[in-house]
Amino acid sequence: MLESAGLFSAWLLGVSLGLTACTISCLPYMGAWVMARERSLVLADTSLFLAGRVSAYALLGLAAGLAGVWLDTVLRSGLGHFAIGAASIAAGLWLIIGEGRHRPCSTARGASKAGGAPPFALGFSLSLTPCTPLASLLAVAAQSGSAPLGAAYGLAFGLGAAVTPLLLVLPLLGVFATRLKTQQAWLGLWLKRGAGGVLLVLGAYRVSLGI
């Protein structure tokens with residue numbers, strides 16, 4: 001009974017993050033990404049992004065159950081900023097160098113599938129940023145003294161954080177970008193390059209914070 005109450009509390013804590021800070025901190029990264037993608041891929045990319053976040057929180061909960069408060073200290077050392085920076089830079093380079101080139105149709109389809117990795121990596125890495133809700137989750141998971149229970153707390157937290165306005169905002173951005181590219185075909189390449197540049201700048205900034 002106590003464990004069920006704890007899992008529900010972890011879920012509510014995740015919801016509090018997903019409806020507030022998550023949207024603000026994640027929108028610049030995923031907003032830039034979906035603006036450069038095809039409209040048909042936006043929902044898949046959003047789902048992969050959220051899957052990355054849920055996976056990260058589950059793993060963090062598991063690790064906290066094993067390692068205790070040590071994990072929170074590690075995250076505050078700048079590791080989270082480095083991870084976010086690396087993921088953002090990789091996504092930016094993929095848009096500029098990978099997806100930005102003209103390819104035959106069969107190759108382009110393969111590239112679109114490969115493009116699922118950056119949103120998952122962005123979701124995973126953005127979950128490593130220290131914040132009050134995450135610190136609370138790690139404290140509860142650490143106090144449980146159990147890796148499986150810690151993972152369960154993390155999973156509940158992640159599912160709560162997946163309740164976010166991004167589920168509405170990102171598809172709307174995708175629709176907006178598609179209309180722009182339909183009206184002005186030449187904007188497609190420049191949207192990709194511009195979005196890639198934004199992700200590179202955001203990534204470099206995050207890396208600088210970790211130094």
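What the table shows:
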quantity: Size descriptor, Kirkwood hydrodynamic radius, that averages inverse alpha-carbon separations across the stretch 116-159, Å; calculated: 11.3 Å
quantity: Surface per residue (accessible, 1.4 Å probe) for the stretch 123-211, Å²; calculated: 47 Å²
quantity: Karplus-derived 3J(HN,Hα), 6.51/-1.76/1.60, for each residue of the stretch 127-144, Hz, glycine and proline x; calculated: 6, 8, 6, x, 7, 4, x, 5, 4, 5, 4, 5, 5, 5, 5, 5, 5, 5
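The values are calculated or read from the model by the stated rules, or taken from the named source; none is laboratory data. Values in this document were obtained by computation on a predicted structure and should not be read as measured data. When the accessible area is computed, the model is the full protein with side chains, heavy atoms only, and any ligands, DNA or RNA have been set aside. Shrake-Rupley method; radii C 1.70, N 1.55, O 1.52, S 1.80 Å.
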